[in-house]
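Colleague: For reference, the structure I am asking about is given below.
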Amino acid sequence: MQTDTPAFWSPPVAKLQPYVPGEQPRIAGLIKLNTNENPYPPSPAVLAAIGEAAATGLERYPDPESLALRQTIATRHGLQPDQVFVGNGSDEVLAHAFSAFFRQPGQALLFPDVTYSFYRVYTQLFDIEAELMPVDEALRIDVDALVERAAKGCAGIVIANPNAPTGIGLPLSDIERLLRACPDRVVLVDEAYVDFGGTSALSLVQQYPNLLVAQTLSKSRSLAGLRVGFACGQAVLIEGLTRVKDSFNSYPIDRLASAGAIAAMEDEAWFDQTRHDVMQARDMLRGQLQDLGFDVLPSEANFVFARHPKHDAAQLAAALRERAVLVRHFKQPRIAQYLRISIGTPTQCDALVTALKAIL
């Protein structure tokens, strides 16, 4: 007897609109500039550490507190281990934060209408009322509007800084304005791309008890395949995250991920070299795209957001794919004519420009 699969689902599941990740191609030879991965491999120290960790101990559960990794992160950022939380990529960390802090009855969570689309998914998953605040005409986060709205009461504020998919960053003074606007609610600052030129709010953690800063090792540490993210805040916030984590999965960071993440955090020279290479390539690509007639937003991330006034973005993305170059196109209103282009190696960026010249 056949039964439609949806009949087995809980009613809320049928209403979900899941996040759609960028294409992970199964075709060899494609130039992949669509998912904001680092074009450079991780530090050799990472591979050595993972190999050593794999040699013994995999039959045992990992440390449920991930204390060694939390200590490494805390030391680097001038914090204490009880001010650091770690999870399987920053997406899991964000999910736990939404569950722990933003399910406030009768109040709406505030975030920009143009930002990381997973935020909307989490509000659906955890039944959180959301109020999307429009970005301005230049696609910048409207801090004034957020402050004014937050003063009336809210479940909290979430922003990506630098914002995604625009790449535009906010100064710390604006972050502080948001923190002061809702002192009794959490302000979550998602800093997935901050190491490529943005200004981190980690320096404000000791000053503001309502600040939670999330980062990832997927981008600037070249560990997208390892899945490690973390959040920093005062101990009471970390305790809230830990309560959710321990009610979901007590062992999120495995032995190999922990060893690799620690090695990546400790190799500052590799980190600095690769991120500066990415920033240099980004600035060069921005100029090349402008020479081709593109409007390119200022970026403090490892991608650029660009549109061509004479060419449809969806058609450009399709034409690039035919030439073995992948970029990201969003069908979302207000940004449907933009392409988000991840920064690759100089050779990959040159291939993109060559393909665009042929298309244009």
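Colleague: In this structure, does residue 244 turn out to be in contact (Cβ under 8 Å) with a residue 12 or more places away in the chain, among the β-branched types (Val, Ile, Thr) and within 16 Å of residue 34 (Cβ to Cβ)?
Modeller: Taking the combined requirement at face value, the residue does not satisfy it.
Colleague: Let me ask another. Within segment 89-114, can you find the residues that are assigned to a loop (DSSP other than H, G, I, E, B), open to solvent by 10 Å² or more (accessible area, probe 1.4 Å) and either of a type in the set (D, E, K, R) or out of contact with any Gly (no Cβ under 7 Å at 6 or more places or on another chain) (or both)?
Modeller: Answer for segment 89-114, where residues must be assigned to a loop (DSSP other than H, G, I, E, B), open to solvent by 10 Å² or more (accessible area, probe 1.4 Å) and either of a type in the set (D, E, K, R) or out of contact with any Gly (no Cβ under 7 Å at 6 or more places or on another chain) (or both): 103, 104, 105, 106, 113.
Colleague: Further, regarding this structure: What residue, of 74, 68, is open to solvent by 40 Å² or more (accessible area, probe 1.4 Å) and either among the small types (Gly, Ala, Ser) or assigned to a helix (DSSP H, G or I) (or both)?
Modeller: So the residue among 74, 68 that is open to solvent by 40 Å² or more (accessible area, probe 1.4 Å) and either among the small types (Gly, Ala, Ser) or assigned to a helix (DSSP H, G or I) (or both) is 68.
Colleague: Would you point out the residue of segment 157-194, among those that are on the phi < 0 side of the Ramachandran plot and among the small types (Gly, Ala, Ser), that is surrounded by the most Cβ atoms within 10 Å (Cβ to Cβ)?
Modeller: Only one residue fits best here, namely 160.
Colleague: Show the residue pairs that are 6+ apart or on different chains and have beta-carbon atoms under 7 Å apart, the first residue being within segment 124-145 and within 11 Å of residue 111 (Cβ to Cβ), the second being among the aromatic types (Phe, Trp, Tyr) and in a helix (DSSP H, G or I).
Modeller: Once the first residue is within 11 Å of residue 111 (Cβ to Cβ) and sits in segment 124-145, its partners that are among the aromatic types (Phe, Trp, Tyr) and in a helix (DSSP H, G or I) give 128/98.
Colleague: Output the residue which, of all residues in segment 124-156 that are assigned to a loop (DSSP other than H, G, I, E, B), open to solvent by less than 60 Å² (accessible area, probe 1.4 Å) and aliphatic (A, V, I, L, M), is farthest from residue 169 (Cα to Cα).
Modeller: 128
Colleague: Is there a residue being part of a helix (DSSP H, G or I), among the hydrophobic types (A, V, I, L, M, F, W, C) and more than 22 Å from the chain's Cα centre (by Cα) anywhere in segment 285-293?
Modeller: Checking segment 285-293: at least one residue is part of a helix (DSSP H, G or I), among the hydrophobic types (A, V, I, L, M, F, W, C) and more than 22 Å from the chain's Cα centre (by Cα).
Colleague: Could I ask something else about it? Give the residue that is farthest from residue 301 (Cα to Cα), with candidates limited to residues of segment 19-49 that are open to solvent by 40 Å² or more (accessible area, probe 1.4 Å) and touching a helix residue (DSSP H, G or I) at 6+ places or on another chain (Cβ under 6 Å).
Modeller: 45
Listed here are the residues, each with its yes/no results for (1) part of a strand (DSSP E or B); (2) open to solvent by less than 20 Å² (accessible area, probe 1.4 Å); (3) out of contact with any Pro (no Cβ under 8 Å at 6 or more places or on another chain); (4) closer than 16 Å to residue 338 by Cβ.
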position	(1), (2), (3), (4)
239	no, no, yes, no
265	no, yes, yes, no
277	no, no, yes, no
315	no, no, yes, yes
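Colleague: Check residue 304 against each of (1) surrounded by 20 or more Cβ atoms within 10 Å (Cβ to Cβ); (2) in a helix (DSSP H, G or I); (3) β-branched (Val, Ile, Thr) and name the one condition it does not meet.
Modeller: (2)
Colleague: How many residues are open to solvent by 30 Å² or more (accessible area, probe 1.4 Å), within 28 Å of residue 136 (Cβ to Cβ) and not in a loop (DSSP other than H, G, I, E, B) when one looks only at segment 319-360?
Modeller: Residues that pass the stated criteria total 2.
Colleague: Only one of 12, 62 is in contact with a Phe, Trp or Tyr (Cβ under 6 Å, 6 or more places away or on another chain) and either of a type outside the set (S, T, N, Q) or in a strand (DSSP E or B) (or both). Can you tell me which?
Modeller: Checking each option against the conditions leaves just 62.
The values are calculated or read from the model by the stated rules, or taken from the named source; none is laboratory data. Just so you know, these numbers come straight off a predicted model, no measurement behind them. Cβ atoms come from the backbone with ideal geometry, glycine included; neighbour counts cover every protein chain shown. To get the accessible areas, we keep the full protein, side chains included, count just its heavy atoms, and leave off ligands, DNA and RNA. Shrake-Rupley method; radii C 1.70, N 1.55, O 1.52, S 1.80 Å.
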